[in-house]
Amino acid sequence: MDKFLVYGNPIAQSKSPAIHQMFATQTEQAIHYEKCLSTKESFVNDVNEFILAGGKGANVTAPFKEQAMAMCDQLTERAKAAGAVNTLVFSAGQIKGDNTDGIGLVNDLISQKVEISNKKVLLMGAGGAARGVILPLLAQNPSQLILVNRTMAKAVTLAKCFDSPNLQVISFADTENHAFDLIINATSASLSAALPALSTNAITAKTVCYDMVYGKQLSPFLLWCQQQGAKQVIDGLGMLINQAAESYFLWRKVKPDCETPLNTLRAELTAAPSKGKS
Ligand code: ATR
């Protein structure tokens, strides 16, 4: 049976094994998928040992996405643009690296009928999570993709990595002069129950608000957006499942359906307290 792993630290909370087993059942395939708690010191060795043991591929989550990228013989354009790898494919003695986080976000938005093309989109954050989704978002041709970050200089540096006239940077103070069709929270603020300093003017009755974080309850950001009258609020559970579906496709050449796993995980989440970010 083909073997797969997800590396992270911490990793106990990972839903990837459950998601991939659901994909395997649905596509009538047999795979073995486990969690691996790694360390910065042991990560490279852990991956090489898994390859020697016949591993076919792996997912990589925090804090190993950059280390994983450095190990790859080949990288996709979206992995290069993300500066990080969340999917490894081991084949013919080579390590191929991809990043499915951005396409996972875009596919989740599409499946939730959220339009990106010709829309004014605000992306909050300038860390790895934000960087990972910029290229796939730009590929959907928003009229504008605007970056905002608490430390504005980081957003300016990030925008310079992408050669697009549609990509701009503003400060949080400037958000009072804009209204957006779609606002995506790629900051880690929700993980510490903090709210980014977004102006209430940024949200209208037409605004869809997305938080990459998911949990039993709406994040503080999504709750606040609801209170401002946002049209729709969406958490990151669908992004998690859609990025996994893209990884599964890279390994198994078959695209699983995301709806049933999403419903199953949503039901589990409402039954037990937890938080996460893909
Ligand atoms: P990740 O890999 O999840 O992106 P990261 O690289 O540490 O994590 O980046 C965290 C992001 O969340 C940064 O953009 C950070 O803003 P700064 O660059 O100013 O530090 C943002 N962030 C974290 N806490 C925040 C808060 N309370 N309000 C606004 N932004 C916050």
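The values are calculated or read from the model by the stated rules, or taken from the named source; none is laboratory data. Bear in mind the structure is a predicted one, so any value in this text is a computation, not a measurement. Positions of Cβ are generated from backbone atoms using ideal geometry, with glycine treated the same way; all protein chains shown enter the neighbour counts. With ligands, DNA and RNA removed, areas are computed over all heavy atoms of the protein, side chains included. Shrake-Rupley method; radii C 1.70, N 1.55, O 1.52, S 1.80 Å.
So that you can scan it fast, the table gives a plain yes or no per residue for (1) in contact (Cβ under 8 Å) with a residue 40 or more places away in the chain; (2) of a type in the set (A, V, I, L, M); (3) within 16 Å of the ligand (Cβ to nearest atom):
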| position | (1), (2), (3) |
| --- | --- |
| 194 | no, yes, yes |
| 197 | yes, yes, yes |
| 202 | yes, yes, yes |
| 205 | no, yes, no |
| 209 | no, no, yes |
| 212 | yes, yes, yes |
| 217 | no, no, no |
| 222 | no, yes, yes |
| 226 | no, no, no |
For this session: Please specify each residue of segment 1-57 satisfying the condition of being under 22 Å from the mean Cα position of the chain (by Cα) and either at pLDDT below 95 or polar (S, T, N, Q) (or both).
Result: 9, 13, 14, 16, 21, 38, 39
Exercise. Would you call residue 153 under 20 Å from the mean Cα position of the chain (by Cα) and either within 12 Å of the ligand (Cβ to nearest atom) or more than 21 Å from residue 209 (Cβ to Cβ) (or both)?
Worked result: no
Exercise. Counting only residues that are part of a helix (DSSP H, G or I) and open to solvent by less than 70 Å² (accessible area, probe 1.4 Å), how many does segment 156-199 have?
Worked result: 7
Exercise. Inside segment 62-112, counting only helices (runs of 4 or more DSSP H) that do not spill past its ends, which hold 1 or more residues that are open to solvent by 50 Å² or more (accessible area, probe 1.4 Å) and in contact with a Pro (Cβ under 9 Å, 6 or more places away or on another chain)?
Worked result: 77-82
Exercise. Tell me, which residue of segment 113-138 that is at positive phi and more than 10 Å from the ligand (Cβ to nearest atom) is surrounded by the fewest Cβ atoms within 10 Å (Cβ to Cβ)?
Worked result: 113
